[in-house]
Every structure is written in structure tokens, then in C-alpha cells.
1. Would you kindly derive the ³J(HN,Hα) couplings of segment 125-136 from the backbone phi angles with the Karplus curve 6.51 cos²θ - 1.76 cosθ + 1.60 (θ = phi - 60°), listing them in order in whole Hz, with x for Gly and Pro?
2. Calculated FRET efficiency, Arg53 and Ala171, Cβ-Cβ r, R0 25 Å, to nearest 0.05?
3. With the crude spin-label approximation of a point 7 Å out along Cα→Cβ, what separation in nm comes out for Asp204 versus Asp135?
4. What residues have an amide H closer than 5 Å to that of Asn126, excluding those fewer than 5 places away on the same chain, when H is modeled at 1.01 Å from N in the peptide plane?
5. What's the FRET efficiency of Gln18 with Ala192 using the Cβ-Cβ distance as r and R₀ = 35 Å, to the nearest 0.05?
6. Quick one: which residues, 5+ away or cross-chain, put their amide H under 5 Å from the amide H of Gly35? H built at 1.01 Å from N.
7. Could you list log10 I(q)/I(0) for segment 168-215 at q = 0.26, 0.27, 0.33 Å⁻¹, which the Debye formula gives when each Cα is one point scatterer?
8. Starting from the amide H of Gly166, placed 1.01 Å from N in the peptide plane, find each other amide H under 5 Å away whose residue is 5 or more places distant or on another chain.
Amino acid sequence: MSHPAHPPYGAPPMPGAQHLPEVAHLVAPGEQLRGIVDTDLCDLVRRPPRRYRKDPSGRAAETAFGCLFVFVNLAEYLAELVEDCTWGLVRSLRRLFRGRGLTRGWQSQAGRFVIAVRSAERDHDNDDVLLLFTDRRILLVGNGDNTPGPASRRTFDHDRAKHVLGELPYAHLARVQPRHTWVSLRADLHFADGSRAALDIGEDDLAALVALGPR
């Protein structure tokens with residue numbers, strides 16, 4: 001399915017129209033794209049705990065690599081422990097002033113949203129996501145390296161294929177709360193179950209998110 005990169009004469013431009021060549025093929029036939037928002041998870045949102053991650057290489061790879069796989073997992077665990085003891089303390093102090101980046105836990109609607117976005121990279125540290133608002137749903141689109149190997153770059157790369165990380169029913173998104181200050185480009189997504197996930201988002205994309213989100 002294709003969408004025009006430019007609206008008809010006199011019509012307002014669709015939010016995020018510059019991303020159309022990369023993502024139009026991800027929209028289902030007959031589905032209408034309303035707009036695209038480019039955003040990041042707030043850096044106060046940590047990586048999901050291991051029990052909530054999907055291993056992209058699967059159990060077959062774990063069996064095939066044996067001890068090597070165990071060694072890699074141990075190295076990753078130690079790296080996460082160091083992160084929690086250093087950056088984790090800084091993050092905790094910042095939460096006192098800015099509030100938590102995620103509330104109600106990993107099994108909440110906000111938690112599942114964060115897990116989907118993080119899963120774009122093998123180390124589950126991805127921040128970047130495109131939100132595709134259609135007439136039916138909100139698609140979460142990423143282009144991270146979800147295969148074994150080095151972590152991918154943190155910016156969207158036009159030379160790499162986009163893929164759907166998940167989808168968000170409109171009924172799950174209750175409210176968009178802008179929280180921009182002179183030191184923060186934050187906005188909070190409030191979900192129907194009372195959970196919340198924080199984003200880092202620019203002014204133009206925030207305006208689009210508010211316009212496309214729940215009324």
C-alpha cells in the first residue's frame with residue numbers, strides 16, 4: 001500500500017510525512033495512515049528485566065553454542081549489574097525531580113509498550129520508535145538489530161529496513177501529557193489501566209502526538 005508523500009493542494013500536511021517512503025509498506029491494505037510520530041523512550045525508563053525479554057536467537061541457538069552462550073549471558077548480566085550500581089543510582093536521583101519513567105510494572109499496558117520498543121535491539125536497550133497512527137491502531141515501528149551481534153546504532157538508519165515491533169490499540173491510550181521544560185523534552189503516555197510511560201520527544205512531534213492521540 002502506498003500513500004502520497006504530499007497532500008492534495010490546500011490540505012494540511014500529514015504529520016511525519018517525511019517517513020512515508022520507509023514505512024508505507026507496513027500499513028495493511030485498506031488501512032488509512034493518519035500520521036507518524038518520531039520519538040524516544042525517556043532515559044529514566046530502564047531495560048526490561050531478563051524474564052520479560054524474548055531471546056531473538058531462540059533455544060536452538062542456546063543449545064548449539066553451549067558454554068559460549070552461557071558466557072555471553074554471564075557477561076551481559078555483569079554489565080547490567082555495573083549499570084545498576086552506577087547509572088542506576090543517578091537515574092534514581094533524577095526520578096526524585098522528574099518522576100518515574102514507568103509506573104505499574106512490566107505487565108501493565110505501559111510496561112508491555114516499553115518491552116516492545118526495547119526489543120528492537122538484541123540487548124533490549126533500544127529507545128527509538130516511530131508511532132504510526134492509522135484509522136485502526138497505533139503501530140510501533142523500529143529498525144534496531146534484533147539479531148545476535150553488536151548493538152545497533154541509536155538513530156534511525158535509512159539504509160536499514162523498518163519492521164513492526166507491536167501495536168497499541170487506541171483503547172489502551174488514555175491521555176498524552178506534555179511535560180516540556182527548559183531542561184526536559186518529556187511527555188507522558190497515560191494508559192487505560194492507570195500505568196504511564198515517559199517519552200523524550202521534540203516540539204513538532206509532541207504537537208503531532210497530541211493531535212493524533214486521544215481527544
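No value in this document is a laboratory result; all are computed from the given coordinates. Everything quoted here is computed from the prediction, not taken from an experiment. Cβ atoms come from the backbone with ideal geometry, glycine included; neighbour counts cover every protein chain shown.
1. 10, 5, 10, 7, 8, 9, 9, 9, 8, 10, 6, 10
2. Values: r = 26 Å, r/R0 = 1.05.
The pair Arg53/Ala171 has a calculated efficiency of 0.45.
3. 2.7
4. Ala120, Glu121
5. Approximately 0.70, to the nearest 0.05.
6. The answer is Phe133.
7. Here the Debye-derived log intensity ratios amount to -0.97, -1.02, -1.28.
8. Distant-sequence amide H within range of Gly166: Leu140.
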